[in-house]
1. How far, in nm, would the chain grow between residue 90 and residue 251 when pulled straight, counting 0.36 nm per residue and subtracting the alpha carbon separation?
2. Given the C-alpha centroids of the stretch 24-44 and the stretch 133-168, what is the distance between them in whole angstrom?
3. Quick one: net charge around residue 121, please, counting Lys, Arg +1 and Asp, Glu -1 for every other residue with C-beta under 13 Å from its C-beta.
4. Computed FRET efficiency, Cβ-Cβ of residue 261 and residue 26, R0 35 Å: what is it to the nearest 0.05?
5. Residue 202 versus residue 177, label points 7 Å from Cα toward the beta carbon: distance in nm?
6. Compute, for the chain, the length of the dipole vector about the Cα centre, with Cβ point charges of +1 (Lys, Arg) and -1 (Asp, Glu) only. Units Debye, rounded to 20.
7. What is the sum of charges, Lys and Arg at +1 and Asp and Glu at -1, for the other residues whose Cβ falls under 14 Å from the Cβ of residue 210?
8. Tell me, what are the semi-axes, in whole angstrom and largest first, of the equivalent ellipsoid of the chain as set by the roots of 5 times the Cα gyration tensor eigenvalues?
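Coordinate-derived values only; no laboratory data. Because the structure is predicted, anything quoted here is derived from the model rather than measured. Neighbour counts are summed over all protein chains in view; Cβ atoms, including those assigned to glycine, are modelled from backbone coordinates with ideal geometry.
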Amino acid sequence: MTAIATERDVPTSYVFFAMLRRDIRVARRELPFFLVRTAMQPLLLMIVFGYLMPKLGVMQKGYTATLLPGVLALSLALSSVQSVALPMVAQFGFSKEIEDRLLAPIPNHLVALELIVAGTIQGMIAGIFVLPAGRLIMGAIPGLALSNLPHLLGITILGAATFSALGLVMGCAIQPQQIGLMFSSIISPMIFFGCTYYPWTALDKVPVMKYLVLVNPLVYVAEGMRGAITPDVPHMDPLVVALVLVGLLLLFWHVGKRAFLRRAIS
């Protein structure tokens with residue numbers, strides 16, 4: 001009886017941050033594998049499109065100013081969504097590790113929130129790694145401006161949190177045998193139509209596509225990054241980007257929380 005009372009007296013914040021510290025410790029131990037999983041594709045994109053093709057004269061050298069923010073957004077988004085979705089698919093599936101989390105003396109919705117916070121941190125780590133790597137690979141970036149740190153930090157946090165919340169939705173909705181489907185039918189189209197390789201305003205020549213891609217959350221992260229680090233490249237209004245990302249974050253959190261609680265009960 002005393003043990004139960006003591007357990008219930010543990011502050012919620014202490015349990016929350018203890019779970020967060022555990023996830024960060026696990027991520028730190030697996031950092032090399034984490035970077036390979038999340039940064040390999042962005043690094044290859046920068047090597048091919050940002051270094052080789054300009055060297056070969058296939059692309060203009062100024063293209064790197066458009067590419068770097070897009071690749072940074074891509075790395076951040078992939079890391080955030082995978083860091084939440086992939087472990088959840090396994091934990092709700094064959095490993096049943098989620099049961100250990102649900103036994104923690106905090107409300108279940110805070111367990112879901114902790115997963116999003118951990119995913120946000122991992123997404124930011126991926127972005128911090130890719131930004132200097134891109135500068136080294138592609139060389140001088142025309143118009144690169146790193147002085148607007150509050151803008152860059154805000155977009156990084158909002159983007160990582162939004163895609164972590166999306167990872168919560170996907171992790172609750174997808175079964176282990178459907179992992180391949182997640183990448184082929186959701187992640188791949190998101191990458192190619194997320195304004196990673198081109199600014200959104202360039203789609204003026206294809207008006208239908210210009211408005212269809214607005215359903216893609218990666219568009220806003222990529223455009224926000226362009227406004228933060230290469231402001232000379234045409235980009236969306238930063239205020240619009242911030243408002244949309246906040247709206248998407250709240251939407252994904254609401255849907256993901258409900259799905260998480262349903263899975264937890266079942």
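1. 55.6 nm
2. Going from one Cα centre to the other spans 17 Å.
3. So the environment of residue 121 carries a net charge of +2.
4. Working: r = 24 Å, r/R0 = 0.69.
My answer for the efficiency is 0.90.
5. 4.1 nm
6. My answer is approximately 280 debye.
7. -1
8. Here the semi-axes work out to 36, 18, 17 Å.
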